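Participant: Pasting in a structure now, in structure tokens, and then I'll have a few things to ask.
The values are calculated or read from the model by the stated rules, or taken from the named source; none is laboratory data. Note that the structure is a prediction, hence the values are computed from the model and not measured. When we count neighbours, we look across all protein chains shown, and the Cβ atoms used for this are built from the backbone with ideal geometry, even at glycine. These area figures cover heavy atoms from the full protein model, side chains too; ligands, DNA and RNA do not enter into them. Shrake-Rupley method; radii C 1.70, N 1.55, O 1.52, S 1.80 Å.
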Amino acid sequence: MDLPAVGRLVRAFLLACWCVWSGAALAASIQLRDVEVGRSEESVVLGFQAEFVLPKAVEDALLRGVPLHFAAEATTYRPRWYWRDERIARATRTWRLAYQPLTRRYRVTFGSLNQHYESLSEALAAVRSVSRWRIADIGQFDPGERYYIEVRYRLDTSQLPRPLQIGIEGQADWDLSAESTVIVQDLQ
């Protein structure tokens, strides 16, 4: 084999490796879209859309009966120049997604509410969308002050069965998370 042919072969191999790596990295990510903060009568509300595709390993675990837990956290801060930023409020929300093999249906549990879905895409649509989520009381905000809200959405692997938690450590497929920061002013 001549030297230019070896060079082309090495470049093709590196390109294939990069494509596989970048495809895996894109498959295991969440994008938060349409993050909006608003006000209701007595509270501050948050809404967003989480866009993601379940990696094959996560979907296989779900289909084998392992429930998945998705968690959203919203923490509101007031910036301070003289010390760490003051935490005003913190709210969390958790969804449980499970597959029921006998009925071949998906079940999404949110608090004490349960909903059944025929397909995985319908169940994921219920888990991805957050609207009018009450994250703080309006009385906690001072007029004219500036605040910021850190939003985090993730697959909560701490809720998985213990043997599976040990087996997935360090695997990128199971590291699904996203963060966003929203600056808020004049909620009063």
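Participant: Name every residue in region 130-188 that is part of a helix (DSSP H, G or I), of a type in the set (G, A, S) and either open to solvent by less than 20 Å² (accessible area, probe 1.4 Å) or closer than 30 Å to K56 by Cα (or both), in order of residue number.
Facilitator: S158, G167, A172, listed by residue number.
So that you can scan it fast, the table gives a plain yes or no per residue for (1) within 27 Å of V35 (Cβ to Cβ); (2) touching a residue at least 60 places away in the same chain (Cβ under 8 Å):
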| residue | (1), (2) |
| --- | --- |
| T109 | yes, no |
| H116 | no, no |
| A125 | yes, no |
| I135 | yes, yes |
| I149 | yes, yes |
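Participant: For region 51-62, which positions are outside any strand (DSSP E or B) and open to solvent by 70 Å² or more (accessible area, probe 1.4 Å)?
Facilitator: If the condition is that a residue be outside any strand (DSSP E or B) and open to solvent by 70 Å² or more (accessible area, probe 1.4 Å), then V53, K56 are the ones that fit.
Yes/no matrix, rows are residues, columns are (1) of a type outside the set (K, R); (2) over 15 Å from H69 (Cβ atoms):
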{"residue": "H116", "(1), (2)": "yes, yes"}
{"residue": "L124", "(1), (2)": "yes, no"}
{"residue": "V127", "(1), (2)": "yes, no"}
{"residue": "Y153", "(1), (2)": "yes, no"}
{"residue": "R162", "(1), (2)": "no, no"}
{"residue": "G167", "(1), (2)": "yes, yes"}
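Participant: Take the residues of region 86-114 that are surrounded by 14 or more Cβ atoms within 10 Å (Cβ to Cβ) and touching a Pro at 6+ places or on another chain (Cβ under 9 Å): which is nearest to R64 (Cα to Cα)?
Facilitator: In this case the residue turns out to be Y99.
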